[in-house]
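Reading through the C-alpha cells given below for one structure.
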Amino acid sequence: MMMIFGKPAPLLFGQLLLGVINGSFYAMLSMGLAIIFGLLKIINFAHGAMFMIGAFVTWGLLNYLGINFWFALVLSPVIVGAAGYALERTVISRIYKLDVLYGLLLTFGLAQLVQGAMTINFGSSGVSYAAPDILSGVMNLGFMYLPVYRGFVIFAAVIICFAVWFAIEKTKLGALLRAATENPALVQSFGVNVPQLIALTFAGGVALAALAGVLAAPLYSVNPDMGSNLINTVFAVVVIGGMGSIGGAILTGFALGVIEGFNDVLYPPGSAVVVFVVMAIVLLARPAGLFGKVT
Amino acid sequence: MKVSRRKVVTTGAAATAVAAVMPTLPARAAGKSLTIGVCSDFSGTYSDVGGETSVVCVKQALADFGAANKGYDVTVIKGDHQNKPDVGAGLARQWFDSGVDLLIDVPNSAVGLAIAGVAAEKNKAYINSNAATSKLTGTACNAQTIHWTYDTYMLSHSTGGAMVAAGGKSWFFITANYAFGQLLRDQTMAVVKAGGGTVVGDVDYPFPQTTDFSSFLVQAQSSGAQVLGLANAGKDTVNSIKQAHQFGITQSGMKIAGLLIFINDIHGIGLDIAQGLILTESFYWNMNDKTRALTKRIVANSPNNYPCMGHAGCYAGTLHFMKAVDAIGVDAASSGSAVVEQMKKMPTSDDAFGQRSIREDGRFMCPSYLFQVKKPGESSTPWDYYNLLHTTPAEATFAPVATEGCPLVKA
C-alpha cells in the first residue's frame, strides 16, 4: 500500500474528503459572518446561536408540524432570517453609531441568552434528527465509506457559497448593498431605503447561518452548544481570510477544513489548535489576512 | 468605522471571562444551619449527567431526610466549574472559606481531582459522585473525600471485560485526551490484554472542543479492529456513536464499547441508533419499585431529564451526609474528616442503592449492572431503555483496596 508521511494513502484521501465536509460548514458560517461584518461592521458573536437555532427549528418543524427536511431547508432559514430582521430593527440598529466593540458584546450577550434558554428547554445532550431516507445510505468510494448525506453537504455547500458570492460581488443588488454601506447618505438620496436594505442584509446573513444549521442537524447532535463549539474556529476563518472578504472566507473555510482533516491523522491531540496556529502564521505574514485589504 | 484586530481579540476574551460568574454565598445563620455546594457542569458536555438534576437530587435528599422537620436550615448553592480544573478549585476554595460544609457532584475527573486536594487542605467534606477516575480512592485519596457512584476500574472491567469475553479481541480506542479518558483507556487496555486481546490503535482527541469525530472513526474503520472502545463520555459519546452509525461502522460488524454511557446519552442518541449497545451503570431508575418511586419524586422537578447513576449518587450521598451530621452534631461536622469518618462507620441506606457501605479509602461500595440498550419496540414507557444482562457484586466491581495505593489504608 502506498504510504504518505507514514500513513496509508487511502486514509489520507479519506481525511481530505472529510476535511472538505467540515470546511463546508466553516465556509457557510464564515461567509455569513463576513457579509454582516463587511457590510454592517457588526462582529456577530450570535452567529453560532443562529446556526443552532436553525438546527432546532428544523427539528421542531419535523416533530411538531411534520414538515420534512427538504421543506425545512427553505422554511428554517426564512423563519430564523425573519427573527434576525426583527432583531436588527429593534436591537442591533441602535448601536451602529457606537464603537464596533459594543456590537460584539451585545451579540455575545444575546448568544448566551439564547443558548441558556435552549439548554433549559432541551438539556445539553440535545435531540436527534435523522437524515432524509434518500440520503441515509453509505457509498463505498474504495478508499473509504462515505455517508451519502455528507456527500450531499459538500454539493449543497458549494452551490450555496457560489450563489452568495455571485449575488454580492457580481449583481446589481450586491453593488447597491456595497454602496449603501460605503456611503449610506448618497445611496439614500437616490431613493433607496437604506435602513431596510441593511436590515435585510443582516437577515440574509443570519438565514445563511440557519441554512448551515439545517444541513448540520442530521450530522451532529442537535444541541444548544453546537454553535458555540464552532464559532471560535469560524472567527479564525474570517480573520485568516481577511475580515469582510466573502470570497476569502469561503476559500479559507474549505482550506482550513482540509488542514484540520490531515492534522487529525498526523497528530490528533493538536486538532483543536491547528486552525489558530495557521491564524498566527498568516497574521504574521499578512496582517490583513490572506484576502483582506489594509485600510 | 475602524476596527483593530487587537481590539476585537481582547474584547472577545473579556466577554468570555464575563461568563465565568462566581456564585455568592448567603450569610450563615445561627443554629443548625448547613450549606451544601453543588459544583457541576451546568452548561457543557456533562450538564445532563450532572447539572440542574444534581441540584434537584440534593434537594430531594434533604426533603426525604426531613431536614426542615428536624430543625436543620440547609442552604443549597450551585456553581459551574466549566470543565476547568482551575475554575473548579477556585470555586471550592471560595466556598469552603465562606462556610460550605459539603461539596458534591463534580463531573470531570480533572476537576474532581483538583477539588479533592482543596477539600483536604481546608478539611471539608467532599462527595464526588460524577467523576470517573479511580485515583480519587487511589493515590489521590484523602480523609475528606468519598467517591460515590462509579469509577474507571468498574467501567473498564464490566463493559470491557464483557466485550472481550464475547469475542472482541482486537480493539481501537478513541480517547478524550485528559485525566479521565487516559485512565479509562489504560485500564481497559489492561483488561483487553489480560483477556488475550490486542490493541491495534488509539487516537487521543482534544477535550472538550471536539464535536466531529469522523476523522477518528474513519481511522478506526481502516484499522480493521473488532471493537471500537470509546474512552469518553457525555456529548462526546453521543456524537461518536451517532457518527459511527453514519459511517456504517456498526453495520460493517465492528462492535462499539461505550465505556462510560449514561441513560441521558441514550436519550440523546435515540433507540434507533443506540439499540444493542452494552454499557455499565450502578443505578437505573426502572430497576425496582423504590428506584421508580424515587425517580418520580425527582422527575417532578426535573421534567426533561431523568436521573442517571451520577444523580442517584448526589441523592444518596447527601442523605448519608445528613445522617452523619445528625449523629455527630453540626459543630463537629464542620470538620470534613470527622463527618467523613462518621459516614464510613455507618452503613448507607437509600432508595437508589439500597443497603451499602463506604470503604476506608472513601470508596462507596455498590454492585454494577451490565445493561443492553433495548430495541425501539421493546421500550414501553418514556426512558425505558435498558435490559439487565449481568450484576457484578460490590466486592468485584471495584479494585481491591490494597492495590490502589491510597495512603489512608494501612498496609
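Here A:Val74 fulfils each of the conditions (1) within 21 Å of the chain's Cα centre (by Cα); (2) in a helix (DSSP H, G or I); (3) in contact (Cβ under 8 Å) with a residue 24 or more places away in the chain; (4) surrounded by fewer than 21 Cβ atoms within 10 Å (Cβ to Cβ) apart from (3). Look at (1) without any contact (Cβ under 8 Å) to a residue 24 or more places away in the chain; (2) more than 13 Å from every other protein chain (Cβ to nearest Cβ) and you find that A:Asn68 fails only one, number (1).
Residue pairs whose Cβ atoms lie under 6 Å apart, sitting 6 or more positions apart in sequence or on different chains, and linking a residue in the range B:102-127 that is buried (at least 24 other Cβ atoms within 10 Å of the Cβ) to a partner that is of a type in the set (Phe, Trp, Tyr) and in a strand (DSSP E or B), are B:Leu103/B:Tyr126; B:Ala119/B:Tyr126. Inspect the range A:153-161 for any residue being of a type outside the set (D, E, K, R), within 14 Å of chain B (Cβ to nearest Cβ) and either over 26 Å from A:Asn63 (Cβ atoms) or in contact with a Lys or Arg (Cβ under 6 Å, 6 or more places away or on another chain) (or both) and give the result as yes or no. The answer is yes; a qualifying residue exists.
Evaluate the range B:266-280: report whether one residue or more is assigned to a helix (DSSP H, G or I), more than 9 Å from every other protein chain (Cβ to nearest Cβ) and crowded, with 24+ Cβ neighbours inside 10 Å. Looking for residues that are assigned to a helix (DSSP H, G or I), more than 9 Å from every other protein chain (Cβ to nearest Cβ) and crowded, with 24+ Cβ neighbours inside 10 Å, one finds at least one in the range B:266-280, hence yes.
Considering (1) within 11 Å of another protein chain (Cβ to nearest Cβ); (2) surrounded by fewer than 24 Cβ atoms within 10 Å (Cβ to Cβ); (3) closer than 29 Å to B:Tyr306 by Cα, the lone condition that B:Gln221 does not fulfil carries the number (3).
For the range A:123-146, the criterion of a residue being crowded, with 19+ Cβ neighbours inside 10 Å and in a helix (DSSP H, G or I) is satisfied by no position.
For B:Thr188, the stated conditions hold: it is crowded, with 18+ Cβ neighbours inside 10 Å, under 27 Å from B:Ala399 (Cβ atoms) and in contact (Cβ under 8 Å) with a residue 60 or more places away in the chain. The single residue among A:Leu283, A:Leu256 that is at pLDDT 90 or above and within 10 Å of chain B (Cβ to nearest Cβ) turns out to be A:Leu283. Scanning the range A:188-199 finds one or more residues that are at pLDDT 90 or above, of a type in the set (A, V, I, L, M, F, W, C) and within 30 Å of A:Thr252 (Cα to Cα). In the range B:132-150, the residues that are without any contact (Cβ under 8 Å) to a residue 60 or more places away in the chain form Cβ pairs under 7 Å with partners that are in a helix (DSSP H, G or I) and of a type in the set (S, T, N, Q), at six or more places apart or across chains, as follows: B:Thr133/B:Ser109; B:Thr133/B:Thr152. Taken over the range B:63-88, the residue count meeting the criterion of being out of contact with any strand residue (DSSP E or B) (no Cβ under 7 Å at 6 or more places or on another chain) and among the aliphatic types (A, V, I, L, M) is 3.
Checked against the criteria, B:Arg363 counts as buried (at least 22 other Cβ atoms within 10 Å of the Cβ), under 30 Å from B:Gly160 (Cα atoms) and basic (Lys, Arg). When residues in the range A:17-46 are screened for being within 13 Å of chain B (Cβ to nearest Cβ), closer than 26 Å to A:Gly151 by Cβ and not hydroxyl-bearing (Ser, Thr, Tyr), 9 of them pass.
For B:Gln82, the conditions (1) under 17 Å from the mean Cα position of the chain (by Cα); (2) more than 13 Å from chain A (Cβ to nearest Cβ); (3) surrounded by fewer than 20 Cβ atoms within 10 Å (Cβ to Cβ) are fulfilled apart from (2).
The values are calculated or read from the model by the stated rules, or taken from the named source; none is laboratory data. Since we're looking at a predicted model, the values are computed, not measured. Don't worry about glycine lacking a Cβ; one is built from the backbone with ideal geometry, like all the others, and counts go over all protein chains shown.
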